[in-house]
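Read-outs throughout are calculated quantities, based only on the coordinates presented, and are distinct from any laboratory measurement. Everything quoted here is computed from the prediction, not taken from an experiment. Reconstructed Cβ throughout: ideal geometry from the backbone, glycine too, with neighbour counts over all protein chains shown.
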Amino acid sequence: MSTAVIIPAAGLGLRLGGETPKAFREVGGESLLVHAVRGLKAATAADLACFVIAVPAGTEDVVFKELEPYVGAARLRVVAGGAERSDSVRAALELVPMDGIDCILVHDAARSFVPPEVIERVVAAVRSGAPAVVPVIPVTDTIKRVDPGGKVVETPDRSVLVAVQTPQGFEPSLLRRAHAVEVVGVTDDAMLCERLGVAVQTVEGSEEAFKVTRPRDLLLAEWILAERRS
Ligand code: C5P
């Protein structure tokens, strides 16, 4: 049995600015998407057999050619993404093979520098029987819930809050069931499983699995890459 990975990479990256879609922005001379694929391949214990990448419509062929040298013996499929991240994941999920896959990872292209041990931890937890698994790190800010007028409604106890990263790992039939229902305002795949009443397991994430979102994140990405190459 092996793992398939879905990479939603179809976002425009408006918060990052610039003309190029976020996944194609370069750090250290290579796109964030290439870094993400290379990072996944480095997680050898995950047994990655299939990559399905959702990209902006019209870029499928060029992305296929760019990524082919990096996936080794794994199967590569590239599909046009949708308007929302969950639409992109759903489009990619349709191309994940039904047979021989015991874990599906969903991994943001923008979390390009996740260390291999986090990926392997997620896959190991799914293989140990957890149907849905997310990597998490503690939150360092105090988090408040506010009303539409900006007034604070409550301050949850920070010690029980975590920030959620990717890759998130799923038992394949659960992920298909979770995405069978279209829901608005979906920001990760685990929340679709929570709606089905499925318990989601957490494992330790990493500061290096941050999501490239704003311009200064590119500087952090450059720094991490330089550290790893030194
Ligand atoms: O916008 P955000 O940073 O939350 O996006 C997370 C990931 O989802 C990124 O890798 C982005 O390319 C992807 N995405 C997508 N399709 C969309 C929107 C975002 O594949 N319509």
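Using a 10 Å cut-off on Cβ atoms, rank the peptides 146-156, 3-13 from the highest mean neighbour count down. Working shown, then result.
Values: 146-156: 8.1, 3-13: 25.4.
Most protected by this proxy first, the peptides run 3-13, 146-156.
A crude spin-label estimate for the pair Ala199 and Val184, with each label 7 Å from Cα along the Cβ direction, gives 3.4 nm. Once C-alpha pairs closer than 8 Å and six or more residues apart are averaged by separation and normalised to the residue number of the chain, the relative contact order reads 24 percent.
If each DSSP helix of 4+ residues adds -39,500 (n - 2.57) and the sum is divided by the residues in the chain, what number results at 222 nm, nearest 500 deg cm²/dmol? Write down the numbers at each step before the final one.
Numbers: 7 runs with 68 residues, N = 230.
Helix contribution divided over all residues of the chain: -8500 deg cm²/dmol.
Label-to-label distance for Ala124 and Val153 is 3.9 nm, based on points extended 7 Å past Cα in the beta-carbon direction. Extension gain for Asp61-Arg216 works out to 52.8 nm (0.36 nm per residue, less the C-alpha to C-alpha distance). Overall dimensions of the range 48-128, expressed as equivalent-ellipsoid semi-axes from the Cα gyration tensor (√(5λ), whole Å, largest first), are 21, 15, 14.
Applying both filters, DSSP loop and at most 14 other Cβ atoms within 10 Å, to the GluC sites (Glu not before Pro) of the range 1-105 gives Glu19, Glu94.
Ranking Val55, Ile137, Ala178 by how far each Cα lies toward the positive end of the dipole of the range 2-229 (charges on Cβ) leaves Ile137 at the top.
Of the Cα atoms belonging to the chain, the radius of gyration and Dmax stand at 17.2, 54 Å.
If you take every DSSP beta bridge fully contained in the chain, what fraction is antiparallel? Give it as a percent rounded to 5.
Numbers: 12 of 33 bridges.
Just about 35 percent of them are antiparallel.
What is the dipole size for the range 2-229, taken about its Cα centre, with +1 at each Lys and Arg Cβ and -1 at each Asp and Glu Cβ, in debye to the nearest 20? Please list the in-between numbers first.
On the way: 25 positive and 31 negative charges, 46 e Å.
I would put it at about 220 debye.
Using 25 Å as the Cα-Cα cut-off, could you pick out the over-long pairs in Lys22/Lys151; Lys41/Lys65; Lys151/Lys211? Where the Cα-Cα span goes over 25 Å, the pairs concerned are Lys22/Lys151; Lys151/Lys211.
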